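Here the structure comes first, spelled out in structure tokens, and everything after it is commentary.
The values are calculated or read from the model by the stated rules, or taken from the named source; none is laboratory data. On a predicted model such as this, the values are computed, not experimentally measured, just so you know. Glycine gets a Cβ as well: all are built from the backbone with ideal geometry, and neighbour counts include every protein chain shown.
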Amino acid sequence: MDQEQKILLAHRVLLISGIFCGVVALLLILNFWHMKQHEPLESKTIEVLVERLKNEPGNEELKEEIRSFDLLARKAYFTSRWQVKTGTWLLLVGGIVMAVSLKIYTDLRSRIEEPEKVTEELLRARANSQYWLLMAGGLILGLSLVAGFLTNDYLKEYQQMGVVTDSPEEESAVEVIDVFAGTLETATGEGDTTEVAEAGAALIEKTGEEAASGESAASGESESVQQSPAPGQLNFNKEDFKKNQATFRGYMGQGLSFHKNIPETWNGSTGENIKWKVASSKPGYSSPVIWGDKIFISGGDAQARVVSCYNRLNGQLLWEKEVSGIPGSPATPPRVTDDTGLAAPTMAVDGNRVYAIFATGDVVAFDLTGKQVWGRNLGVPNNHYGHSSSLQVWGNKVVVQYDTNSRGRMLALNTASGETIWDVERPVNISWASPVLIEVEGKIQVVTSSDPYVSGHDLETGAELWKVEAMMGEVGASVAFTDGLVYATNEYARLVAVEPKADPEFIWEDDEYLSEASSPVAYNGLLYTATSYGVLVCYDARTGEKKFEKEFNNGFYSSPMVADGKVYLVDMRGVTHILKADASGTVIAQPELGEAGYAVPAFADGLIYLRGESNLYCIGN
């Protein structure tokens, strides 16, 4: 290439890069102005609809309209956020290319100028032109970059009423507290330990001929009930975790149940196959957990946060405890949205204690008789919806995923004392997903999904074992695992399959049907995932080939569970869609609860437990 061709090429690159930078800079400035004029996290339309909903609390169509507007607003916000972030980097790259091409162009031109034709006036004119050109370009570039960075930091300006930024807790701040003085009364005879929390706190409704004495709930057969170990007894056995439903989505958080004879038909309105139902004393989106003959739920509002324990065979309230007196707990609870609340995370139970976490940042442990063993505050989470990551328990560790707007963080607490075993910071943004345990080469990993990484950590030390950049935006779905592959998904991002090893790559990915809150489940070579707009999709877990898609009338926040060879999936109206757990997409039944449903079902042999918006149900044939 001769000198003239090099000059021509440099001139064209300079011209193209200059136009490119100008267009990108203009778009960034316009986007910044637009987002400042129309704040993406504040919608007047939604505010008006919410005010209407206060007057029409039972209007399901209005609730669906609010969800749709909210979904569109968040989609627009994160699309704009991605555009600004991408545009900022494009502008930087374009500016560098333009500067380099300008330098090359001027150098080449200066080499072929005839000295006698280059006068002092011409040199001065060229210098002035270049000066003003660089000043104007630099000003536009600077303004657009400033606009880009300001726009990209918008969420940091969205502070909550009454929220303080979470900060690391000194281990010395862990305090073992017995808030509720006195001993529990033990009933004579065969009865369990019982305590009435408040008059009228719960209402037990019996159907059929079931007696209040706690007969077996399995259909016509006596059910073998695993008795709870004595307080303080350490009896960790992973087989016990298969016999019970100890955490969110069951065994290791993977969405699988090992119980049989699960019912397929019921009706919450008529009482068909309803063994008992009990009204929740406090609202909450947490799912029920089971150990032995006890079932636990949490609830909370601005007045109090509570943990409730019931006899799972007859619905009798055994005890209900208010969480209070924890050092560092905020006097006023943080502002949360209606669809998250203060008690969204599901508890964990290990046969010795039951563990709960709330949107206040309070973590608490009770023994199975209701005595508070320890409590501590992790710092009120800087979270614009409210904390919803559920707890995971294994061995002597309670694992807490605590990714907030302030920082990414995960920690393990000692189950007996609440003291920190390990506490790691992660280069991730806020997440509402929950930790999942997987076993790889005989070792347990904690796998989490956040923006932007899906990562695995050693359960014993918290050390990062692997990570892959896969997610973005508001991550709400936890991962699935089967046959050596981890599956992660999030709305506005993608669905990916990765092998949990160092420097993993995508085995396959898809972006057609993505989950907002519902977590996928993998079973028998298949992967099932559900969307907030009412579609259940099945993929080949190894190849990503789509096997079927089923569209239902209502969306899903609850996650699909596999039990007894069937997929159980509760929609927002409380209808449970039961399908064969294969690639056929065969719908077996669609029983109705009679009230809204957001929690994950819990299972025992011959029984299914469902938490509705207002009541907890025990269902058996």
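Checking LEU411, LEU368, LEU342 one by one, the residue that is at pLDDT 95 or above and farther than 21 Å from ILE295 by Cβ is LEU411 and no other. Return only the number of the condition from (1) crowded, with 24+ Cβ neighbours inside 10 Å; (2) of a type in the set (Val, Ile, Thr); (3) more than 21 Å from GLU545 (Cβ to Cβ); (4) touching a Phe, Trp or Tyr at 6+ places or on another chain (Cβ under 6 Å) that ILE438 does not satisfy. Every condition holds for ILE438 apart from (1). Selection over the stretch 596-621 of residues that are over 22 Å from the mean Cα position of the chain (by Cα) and assigned to a loop (DSSP other than H, G, I, E, B) gives a count of 4.
Taking the criterion of being in contact with a strand residue (DSSP E or B) (Cβ under 9 Å, 6 or more places away or on another chain), within 18 Å of SER478 (Cβ to Cβ) and either in a strand (DSSP E or B) or of a type in the set (Lys, Arg) (or both), would at least one residue in the stretch 539-556 satisfy it? Checked against the condition, which is being in contact with a strand residue (DSSP E or B) (Cβ under 9 Å, 6 or more places away or on another chain), within 18 Å of SER478 (Cβ to Cβ) and either in a strand (DSSP E or B) or of a type in the set (Lys, Arg) (or both), the stretch 539-556 yields at least one hit. Looking across the stretch 399-408 at every residue that is within 14 Å of the chain's Cα centre (by Cα) and not in a loop (DSSP other than H, G, I, E, B), the one that is surrounded by the most Cβ atoms within 10 Å (Cβ to Cβ) is identified as GLN401.
Residues of the stretch 339-356 that are more than 14 Å from the chain's Cα centre (by Cα) and under 20 Å from GLN254 (Cβ atoms): MET347, ALA348, VAL349, ASP350, GLY351, TYR355. Selection of first residues in the stretch 434-451 that are closer than 14 Å to SER389 by Cα and modelled with pLDDT under 95 and of second residues that are small (Gly, Ala, Ser) and crowded, with 21+ Cβ neighbours inside 10 Å, restricted to Cβ pairs under 9 Å at least 6 apart or on distinct chains, gives an empty result.
In summary, strands (runs of 3 or more DSSP E) completely within the stretch 241-338 and bearing 1 or more residues that are under 19 Å from the mean Cα position of the chain (by Cα) occur at 289-291, 294-300. Here VAL498 passes the criteria (1) among the β-branched types (Val, Ile, Thr); (2) surrounded by fewer than 24 Cβ atoms within 10 Å (Cβ to Cβ); (3) under 16 Å from the mean Cα position of the chain (by Cα) except the one numbered (3).
Taken together, ALA589, ALA583, ALA596 contain a single residue that is within 25 Å of ASP511 (Cβ to Cβ) and surrounded by fewer than 22 Cβ atoms within 10 Å (Cβ to Cβ), which is ALA583.
Selection of first residues in the stretch 277-290 that are more than 18 Å from SER389 (Cβ to Cβ) and of second residues that are of a type in the set (Ser, Thr, Tyr) and in a loop (DSSP other than H, G, I, E, B), restricted to Cβ pairs under 7 Å at least 6 apart or on distinct chains, gives the following pairs, ordered by first then second residue: ALA279/SER614; SER280/SER614.
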